Amino acid sequence: MEIILKKNVDNLGYKDDVVTVKNGYARNFLIPQGYAIMASASAIKAHNEVLKQRSHKEEKVKEEAAELAAKLEGVKVSIGAKVGENGKIFGSVNTLQLAEALKAAGVEIDRKSLKIKDEPIKEVGSYEAEANLHKEVKQAFTFEVVGE
């Protein structure tokens, strides 16, 4: 079944993509949750018109994402955490803490667009994360977890 995505869906596609999925996945999850609509001929025609009108705005958003990626490349981020005797952290470091540390460093990114590569983080050290700023702009960066 072909559907038009209304929101970004991990491991499936981005907003406004036309994708093919199994009937049950579309009918039981994507459409009722508001993530997609069925791709009928009239819906695809209307969708193409909307995309044509939105293309100019999309270029501006992409440029802003590229600027944010350039800003993110030079940022040094460190996250403080309570540490036991052997270097293990009490709890773990997640994207919420990473987003707050980035905001303190002057780069504001939504935590939902951040992915930590070696999750969960339970030790002090240097780690990598990736920011999905736009469907064509992704930026990898490193951050450090230090003991308090």
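Things to note:
- Pairs linking a residue in region 120-133 that is under 14 Å from Lys76 (Cα atoms) and of a type in the set (S, T, N, Q) to a residue that is in a strand (DSSP E or B) and open to solvent by 40 Å² or more (accessible area, probe 1.4 Å), with Cβ atoms under 8 Å and 6 or more positions apart or on different chains, are Ser126/Thr142; Ser126/Glu144.
- Only one of the numbered conditions (1) over 26 Å from Glu130 (Cβ atoms); (2) touching a residue at least 24 places away in the same chain (Cβ under 8 Å) is not met by Ala36, and that is (1).
- For region 50-60, the set of residues classified as closer than 17 Å to Leu5 by Cβ and either in contact with a strand residue (DSSP E or B) (Cβ under 6 Å, 6 or more places away or on another chain) or not aliphatic (A, V, I, L, M) (or both) consists of Arg54, Glu58, listed by residue number.
- Among residues of region 21-40 being among the polar types (S, T, N, Q) and open to solvent by 100 Å² or more (accessible area, probe 1.4 Å), the one that is farthest from Val61 (Cα to Cα) is Asn28.
- The strands (runs of 3 or more DSSP E) found wholly in region 1-82 and carrying at least 3 residues that are farther than 30 Å from Thr142 by Cβ and of a type outside the set (Ser, Thr, Tyr) occupy 2-5, 36-38.
- Condition met for Ala69 (in contact with a helix residue (DSSP H, G or I) (Cβ under 8 Å, 6 or more places away or on another chain) and open to solvent by less than 40 Å² (accessible area, probe 1.4 Å)): no
- Counted residues, region 106-118 - those being acidic (Asp, Glu) and within 15 Å of the chain's Cα centre (by Cα): 2
- Criterion violated by Asn86 - all others in (1) more than 22 Å from Lys117 (Cβ to Cβ); (2) not in a loop (DSSP other than H, G, I, E, B) satisfied: (2)
- Single unsatisfied condition, Leu102 versus (1) in contact with a Pro (Cβ under 8 Å, 6 or more places away or on another chain); (2) part of a helix (DSSP H, G or I); (3) not charged (D, E, K, R): (1)
- Counting the residues of region 92-143 that are surrounded by 14 or more Cβ atoms within 10 Å (Cβ to Cβ) and over 29 Å from Asp16 (Cβ atoms) gives 12.
The values are calculated or read from the model by the stated rules, or taken from the named source; none is laboratory data. Because the structure is a prediction, the values reported are computed rather than measured. Counting neighbours? That spans all protein chains shown, and the Cβs are built from the backbone with ideal geometry, glycine included. When the accessible area is computed, the model is the full protein with side chains, heavy atoms only, and any ligands, DNA or RNA have been set aside. Shrake-Rupley method; radii C 1.70, N 1.55, O 1.52, S 1.80 Å.
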